[in-house]
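To keep things clear, I will list the structure first and then write my remarks on it.
The values are calculated or read from the model by the stated rules, or taken from the named source; none is laboratory data. Note that the coordinates shown come from a computational prediction; the quantities given were computed from them, not determined experimentally. Please note: Cβ atoms are built from the backbone with ideal geometry, for glycine as well, and neighbour counts cover all protein chains shown. Ligands, DNA and RNA are stripped out before the accessible areas are found, and what is left, the full protein with its side chains, is counted by its heavy atoms. Shrake-Rupley method; radii C 1.70, N 1.55, O 1.52, S 1.80 Å.
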Amino acid sequence: MDAFFASIEQRDNPELRGRPIAVGGNKRRGVVAAASYEARPFGVRSAMPSVIAAKKCPSLIFVKPRFQAYQESSKNIMEIFREFTDLVEPLSLDEAFLDITEFCERNNITATDTASKIKKMIRQRTKLTASAGVSINKFLAKVASDYDKPNGLFVIKPNQAESFIDKLPIKVIPGIGKVTQEKMYSFGIKLGLDLKRKDRKFMETAFGKMGGYFHDLVNLKIDNPVSPNRIRKSIGAERTFAENISEIEELNNILNLIADRISSSMKKKEI
């Protein structure tokens, strides 16, 4: 989905449309959970401290998150996905992998046309836009989904996969963060082709287990199936305060309240 939290706020509040907004935080403290596309040219991004975001964009409007509204829209979107396939692997509230192979074969329709159809249904039912990536595996589909935002549809066909990877900046490969990127740059690895040409053992020696994984990824040796039953690895809760808290007793009380929230959430999810 495109700027999911921010787009929902703009959809539900006409006064916010066309204006730079940040969901989460305020001008004094907190973290931006989502930024509208109007805020992004100023350099405002999700996970950015809100104080910095406010400095970058003085006209930025901070909006309090409404997670119930986001969850409701997410539920509607996931239901649309499941009209096309049972093989839906949610990554978060606003993102998922879909294996639509069977649907396309059964209905004699291309994956590109199917993605376009899904995007239109999302727009009609939720008044929100989505960007889709279509390709031969999850890695390339994920990269493609970020290529033409917002409201984009980018396709990497089977016969284009290798040449696409060759020209792909390594910084956009999922899992390669800033530190790994800089280290790869120091070894002359800037594009997918550079990574392909390195010896796998060298990559493992320099980058550990993940080095071998990245090498296999760009050489198309990893093709994990879409898994509808992903195992939850963590669950948490948080709260941001307007002022710093240093009293141990008060901190303990707050931690107990947050722990209770996590416990209740685990019971509801039967974890």
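Here is the list for the range 63-148: GluC sites (Glu not before Pro) lying in DSSP coil, each with at most 14 other C-beta atoms within 10 angstrom of its C-beta, are 83.
Rounded to the nearest 10 degrees, the angle from helix 111-126 to the longest Cα principal axis of the chain is 20 degrees.
Residues in the range 187-202 carry Karplus couplings, in order, of 9, x, 9, 10, 10, x, 4, 4, 5, 4, 6, 6, 5, 4, 5, 4 Hz; the curve used is 6.51 cos²θ - 1.76 cosθ + 1.60 with θ = phi - 60°, and Gly or Pro positions show x. Give the percent of DSSP beta bridges with both residues in the chain that are antiparallel, rounded to the nearest 5. Counting only bridges with both partners in the chain, antiparallel ones make up about 55 percent. Under the combined filter of DSSP loop state and at most 16 neighbouring Cβ atoms within 10 Å, the range 169-271 retains these GluC sites (Glu not before Pro): 238, 243, 247, 270. In the context of the full set of protein chains, the chain has a per residue accessible area of 61 Å² (1.4 Å probe). Under 5 Å between amide hydrogens, built in the peptide plane, is the criterion, and for residue 191 it picks out 170 among residues at least 5 positions away or on other chains. For the range 212-218, backbone phi angles converted through the Karplus equation (6.51, -1.76, 1.60; θ = phi - 60°) give residue-by-residue couplings of x, 4, 5, 5, 5, 4, 6 Hz, Gly and Pro being listed as x.
Projected label points at residue 102 and residue 178, each 7 Å from Cα along the beta carbon direction, are separated by 4.4 nanometres. Normalised by 2.2 N^0.38 Å, with N the number of residues, the alpha-carbon radius of gyration of the range 1-112 equals 1.29. Taking the three principal axes of the alpha carbon atoms in the range 21-80, the coordinate ranges are 39, 21, 16 Å, sorted in descending order.
The H on the amide N of residue 96, modeled in the peptide plane, is under 5 Å from the matching H of 91, each at least 5 residues off or on a different chain. Across the range 137-271, C-alpha contacts under 8 Å between residues 6 or more apart give a mean separation that, scaled by the residue count, equals a relative contact order of 18 percent. Note: relative contact order over the range 10-73, using C-alpha pairs below 8 Å and six or more positions apart, is 33 percent. Computed over the range 213-257, the P(r) tail beyond 15 angstrom holds 69 percent of alpha carbon pairs. The Cα center of the range 190-260 and the Cα center of the range 1-76 differ in position by 24 Å. Within the range 86-220, the proportion of Cα pairs with more than 21 Å between them is 47 percent. Its relative contact order, with pairs defined as Cα atoms under 8 Å and 6+ residues apart, puts the range 1-134 at 21 percent.
Could you tell me which label, among (1) 17.5; (2) 13.2; (3) 15.4, carries the value of mean projected area of the Cα convex hull in nm² calculated for this structure? Read-out taken from this structure: (1).
Between the amide H of residue 153 and those of 132, distances stay under 5 Å, these residues lying 5 or more places away or on another chain, with hydrogens modeled in the peptide plane.
Identify the trypsin sites (Lys or Arg not before Pro) of the range 177-227 meeting these criteria: DSSP loop state and at most 15 other C-beta atoms within 10 Å of the C-beta.
Sparse-neighbourhood loop trypsin sites (Lys or Arg not before Pro): 190, 221.
In sequence order, the range 252-260 has phi-based couplings of 4, 5, 5, 4, 5, 5, 5, 4, 5 Hz under the Karplus curve 6.51 cos²θ - 1.76 cosθ + 1.60, θ = phi - 60°, and Gly or Pro positions carry x.
At 222 nm, what helix-only mean residue ellipticity would the chain give, in deg cm²/dmol to the nearest 500, using -39500 (n - 2.57) for each DSSP H run of four or more? Working shown, then result.
On the way: 12 runs with 122 residues, N = 271.
Mean residue ellipticity, 222 nm, calculated: -13500 deg cm²/dmol.
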